[in-house]
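Notes to accompany the following structure.
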Amino acid sequence: MNYLIDILLIALGAALINNFVLYYFVGICPFIGVSRHVGMAVGMGCAVTFVITIAAFIAWTITTFVLMPGAPLTRLAASLFMPAETAARVDLTILSYIVYIFAISSSVQFVEMYVRRFFPLLYKAFGVFLPLITTNCAILFACLTIMSHVVGAENPADRWDLGRALTLAFFGGAGFTIAIVIMAGIREELELCDVPKPFRGAAITLVVGGILAMAFMGFTGVDSGLREAMTAKPAVTETSTSVPAPAPPEEKTLSKAFDFHRVSTPIEGPANILRGESCPG
């Protein structure tokens, strides 16, 4: 149950609460450059989501099995040249930036070949921005965030597994898609408005981006509230354990039911009857 709660909160946080673009301000270049039309924004969002998911998978795998201290593959290779205790302390996280950039660039090349082959019009619309996904800092930010939760966790039980890493990456890309599509829709509407000349172009785009960021601040605290609501234990009301014994049934006797009253005094008849002297008939 706690694992599902973590997955839900990571997904909600990456998509809305801690949106990569509107909260951390990473990935601003494609957010501004490819948000003129909704169609292009949707294509860019899908491409970034695919690349960031593949890059996160490669980053988590390499970090867990090669880069982090005590990684199994590194320890096995290092034990051939040094004692086992020294091999267990080998830390290659200093190479993380190089490895992650290599993984991101490989994923981008794969996406570029796929889009050029099956969506030539979309490939022409992307122009130079598709190869520039390689330098999208949102993707590198996701890889570094995953590394911090794998290497930086003090308790081994708190380390992120592959499921948490892929959840952060996929919903981070979904949050990027939401932000860039909203921006593209607003910019299409702004083309029909009489925007003052000093604010046209990048100026009004940055102003709209700032307003969107303030709007997304309304989600702040939703994750902590959800965690408290889903992990709170139901309140137990104290009830008295001593149950009063039922009253014994009242004994109903014939005398009590009809309440007889004994007559202590004999019924006196006429004096002559008692004596037997005369008959009253």
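What is the gain in length, in nm to one decimal, between Ser79 and Tyr24 on full extension, counting 0.36 nm per residue of separation less the C-alpha to C-alpha distance?
On the way: separation 55, 0.36 × 55 = 19.80 nm, distance 4.09 nm.
My answer for the length gained is 15.7 nm.
Could you give the accessible area per residue of the range 14-220, probe 1.4 Å, as a whole number in Å²?
On the way: 10930 Å² over 207 residues.
Ligands and nucleic acids excluded, the result is 53 Å² per residue.
Quote the charge dipole size of the range 133-192 about the Cα centre in Debye, to the nearest 20; the model charges only the Cβ of Lys and Arg (+1) and of Asp and Glu (-1). Before the final figure, lay out each step's value.
On the way: 3 positive and 6 negative charges, 36 e Å.
Dipole of the range 133-192, to the nearest 20 debye: 180 debye.
Using a 1.4 Å probe over the heavy atoms of the protein chains, calculate the carbon and sulfur portion of the accessible area of the range 14-220 as a whole percent. Write out the running numbers ahead of the final one.
Working: 7870 of 10930 Å².
For the range 14-220, the apolar C and S fraction of the accessible surface comes to 72 percent.
When the gyration tensor of the range 24-171 is built from Cα positions, what are the square roots of 5 times its three eigenvalues, in whole Å, from largest to smallest? Walk me through the numbers on the way to the answer.
Details: eigenvalues 243, 47, 26 Å².
Computed over the range 24-171, the values are 35, 15, 11 Å.
Residue by residue through the range 135-145, what is 3J(HN,Hα) from phi via Karplus (6.51 cos²θ - 1.76 cosθ + 1.60, θ = phi - 60°)? Round to whole Hz and write x for glycine and proline.
Working through the residues one at a time gives 9, 5, 5, 5, 5, 5, 4, 5, 4, 5, 5 Hz.
Under the rule of at least 5 residues apart or a separate chain, name every residue whose amide H is placed under 5 Å from the amide H of Trp160.
The list, which skips near neighbours in sequence, is Val150.
At 7 Å along the Cα-to-beta-carbon direction for both Glu188 and Ala213, put a label point, then send me their distance in nm to one decimal.
Rounded to a tenth, the inter-label distance reads 2.6 nm.
Along the charge dipole of the range 57-151, Cβ charges K/R +1 and D/E -1, which of Thr93, Ile58, Gln109 sits furthest on the positive end?
After comparing all options, I get Gln109.
Quote the charge dipole size of the range 14-220 about the Cα centre in Debye, to the nearest 20; the model charges only the Cβ of Lys and Arg (+1) and of Asp and Glu (-1).
Numbers: 11 positive and 10 negative charges, 83 e Å.
It works out to roughly 400 debye.
So what does log10 I(q)/I(0) come out to for the range 1-75 at q = 0.11, 0.24, 0.27 Å⁻¹, using the Debye formula with one equal point on every Cα and no solvent?
-0.44, -1.12, -1.17
Per-residue counts of other Cβ atoms within 10 Å, averaged by peptide: what ranking do you get for 90-102, 131-143, 195-207, 47-59, highest first?
Details: 90-102: 15.2, 131-143: 21.3, 195-207: 12.1, 47-59: 23.6.
In descending order of packing, they fall as 47-59, 131-143, 90-102, 195-207.
Just flag the GluC sites (Glu not before Pro) in the range 83-170 sitting in loop per DSSP whose Cβ has no more than 15 other Cβ atoms within 10 Å. Provide the component values of the computation, followed by the final result.
On the way: sites: Glu85, Glu112, Glu154; in loops: Glu154.
In loop regions of the range 83-170 (DSSP not H, G, I, E or B), the sparsely surrounded GluC sites (Glu not before Pro) are Glu154.
Highest mean first, what order results for 69-81, 12-24 on Cβ atoms within 10 Å? Write out the running numbers ahead of the final one.
Values: 69-81: 13.5, 12-24: 21.5.
The densest-packed peptide leads the list: 12-24, 69-81.
The values are calculated or read from the model by the stated rules, or taken from the named source; none is laboratory data. What you see is a predicted model; the values in this text were computed from it and never measured. Using ideal geometry, Cβ is built from the backbone for each residue, glycine included, and neighbour counts are taken over all protein chains shown. These accessible areas exclude ligands, DNA and RNA; they are computed on the full protein's heavy atoms, side chains included. Shrake-Rupley method; radii C 1.70, N 1.55, O 1.52, S 1.80 Å.
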